[in-house]
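Let me begin by presenting the structure, written as structure tokens, before commenting on it.
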Amino acid sequence: MSEKATEALDELELKKIELDSLIDIIKSINGNISEQDLYRTFMFTLRSYPHISKMTLYVLDEDTEVDASRNKWFNKEGFGTLGNYRDVVLPNEILEIHKVSPTTEFNHLAPFNEFCFLIPIHHKDHVLAYLFLGRAHDSLEEEDLDLPFIQALSDIIIVAVENKKLARKQKIQETFNRQLEIASEVQALLLPKHLPNEDKFSVVASYYPHHNVGGDYYDYIQINKNEFLLCVADVSGKGFPAAILMSNFQAALRTMARQTTDLKKIVEELNHLIIQNSGGGHFITAFFFLYNKRQKSAIYINAGHNSPILMLNAHQTQYLEEGTTILGTFDKLPFLSVATINELDDFLIFCYTDGFTETAAEDGEEFGEENLLAGVKENFDHSHQELHERLFDKLHLFKGNNPYPDDITLLSCRVKR
């Protein structure tokens, strides 16, 4: 057989190998196999290719968290190499290479100098992978390879893997969005639908979640014709887990408030519930205020929450600070006291969450408790609803173009003689 005929047969055999490889790759992609199996199929495909006796593949994985000592390029597959590349970090010098290059350009970068060619694999002008190819004993020449085909095959595999990553992210996002919807529905059910609005007794609440689902909660519970309980709380964390924890908190609070007016017992039970349900993953700051109209007295517990303001008139104010620490951190609360206020028949109690006072101006200064107190005093004689509206106007003017950093809740109760 002539030399030309032999070359033609070799060329034909190579094309058959390439066609078979392409068919196998497409079947694998259509078969919805895992990312690792796609890499493995790619490895076996190159292994059957004439002249190639060693390879290793590095792929960019931006979703994996790494420490500062390494980049986000990870070895996914290989064969025939002198060593194991699984724990070998891809040098930053190689990341500067964006076209097919002989490894003579980086002979000083061991162990990568055992290969003959480096093939960057692009998608939309970004390098997503680096393929190293070599021959065991002899040097691998460019004419030994059908580089356009190898690049095309590599592109198909890497794009298929990227599509799988995208589909996985979309599924995770869909699940997350559904959880947010459920959490938002749960949260809407937690907040009281109707609040008293009478001449001598009114409760006003204003709630602005920072995201679709916030971590704030407030409640008004009418216990009997003489007593009611106010509560404002803020759970650490956001989203579905925080909403579920807060729903458990509300259900337990409402159940216990109808069984006992022992505020200390209620808080201790709530603390136990939070630890049991969150496993220490969340904590809650809360304020509880129990008022008895017949006795003209109130008791309260502040559990690590921003201190509400008690106002007897525009000039006589008091911060309600006594109580305990945050709930959900200690199995047994390290200290717990119930404060009592007597001769209380004409007052305003104003509660809030830290999203209000921690809102910052464009220069970084926070609104703070002093500004809040000044705003409450300035608007004390306005209607109850207008008091809230004017405070938000003041806050909005203060922050300028800065966004709100957190959920904001205002809850206030006004009792008149």
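The values are calculated or read from the model by the stated rules, or taken from the named source; none is laboratory data. Computed from a predicted model, the values in this text were never measured in an experiment. Cβ sites come from the backbone with ideal geometry, for glycine too, and all protein chains shown count toward neighbours.
Worth a mention:
Yes/no matrix, rows are residues, columns are (1) touching a Gly at 6+ places or on another chain (Cβ under 9 Å); (2) assigned by TED's automatic domain parsing to the domain that holds Glu114; (3) surrounded by fewer than 21 Cβ atoms within 10 Å (Cβ to Cβ):
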{"site": "Met43", "(1), (2), (3)": "yes, yes, yes"}
{"site": "Leu57", "(1), (2), (3)": "yes, yes, no"}
{"site": "Ala68", "(1), (2), (3)": "no, yes, yes"}
{"site": "Phe74", "(1), (2), (3)": "no, yes, yes"}
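- Selected residue [of a type outside the set (S, T, N, Q) and either more than 27 Å from Lys169 (Cα to Cα) or part of a helix (DSSP H, G or I) (or both)] from Leu133, Leu128, Leu90: Leu133
- Per-region count, region 157-184, residues at pLDDT below 70, of a type outside the set (Gly, Ala, Ser) and more than 21 Å from Asp61 (Cβ to Cβ): 3
- Search result, residues across region 337-394 that are without any contact (Cβ under 8 Å) to a residue 12 or more places away in the chain and touching a strand residue (DSSP E or B) at 6+ places or on another chain (Cβ under 7 Å): Glu366
For (1) among the polar types (S, T, N, Q); (2) buried (at least 18 other Cβ atoms within 10 Å of the Cβ); (3) over 30 Å from Ala167 (Cβ atoms), each residue gets a yes or a no:
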{"position": "Thr64", "(1), (2), (3)": "yes, no, no"}
{"position": "Pro91", "(1), (2), (3)": "no, no, yes"}
{"position": "His98", "(1), (2), (3)": "no, no, no"}
{"position": "Glu105", "(1), (2), (3)": "no, no, yes"}
{"position": "Phe112", "(1), (2), (3)": "no, yes, yes"}
{"position": "Cys116", "(1), (2), (3)": "no, yes, yes"}
{"position": "Gly134", "(1), (2), (3)": "no, yes, yes"}
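- When residues of region 250-276 are limited to those that are of a type in the set (S, T, N, Q) and surrounded by 16 or more Cβ atoms within 10 Å (Cβ to Cβ), the one farthest from Asp234 (Cα to Cα): Thr261
- Filter result for Tyr207 (part of a strand (DSSP E or B) and either buried (at least 22 other Cβ atoms within 10 Å of the Cβ) or free of Cβ contacts under 8 Å to residues at least 60 places away in the same chain (or both)): no
- Listing of strands (runs of 3 or more DSSP E) fully contained in region 277-340 that carry 2 or more residues being buried (at least 19 other Cβ atoms within 10 Å of the Cβ) and in contact with a Leu (Cβ under 9 Å, 6 or more places away or on another chain): 284-292, 297-303, 309-311
- Pro192, sole failed condition from (1) at pLDDT below 90; (2) touching a Leu at 6+ places or on another chain (Cβ under 8 Å): (2)
- On the stretch given as region 88-134, residues that are under 40 Å from the mean Cα position of the chain (by Cα), closer than 23 Å to Tyr49 by Cα and of a type in the set (D, E, K, R) total 1.
- Checking each residue of region 216-234 against the condition of being over 21 Å from Pro308 (Cα atoms), at pLDDT below 90 and in the same structural domain as Ile349 (by TED's automatic domain parsing) gives no match.
- Some residue of region 45-54 being touching a residue at least 60 places away in the same chain (Cβ under 8 Å) and part of a strand (DSSP E or B): yes
- Condition met for Phe249 (assigned to a strand (DSSP E or B) and either at pLDDT 90 or above or out of contact with any Asp or Glu (no Cβ under 9 Å at 6 or more places or on another chain) (or both)): no
- Test for Lys296: is it in contact (Cβ under 8 Å) with a residue 40 or more places away in the chain, closer than 30 Å to Leu387 by Cα and in the same structural domain as Phe380 (by TED's automatic domain parsing): yes
- Matching residues, region 76-86, being surrounded by 19 or more Cβ atoms within 10 Å (Cβ to Cβ) and in a strand (DSSP E or B): Lys76, Glu77, Gly78
- Scanning region 390-417 for residues that are loosely packed, with under 15 Cβ neighbours inside 10 Å and part of a helix (DSSP H, G or I) returns Asp393, His396, Leu397.
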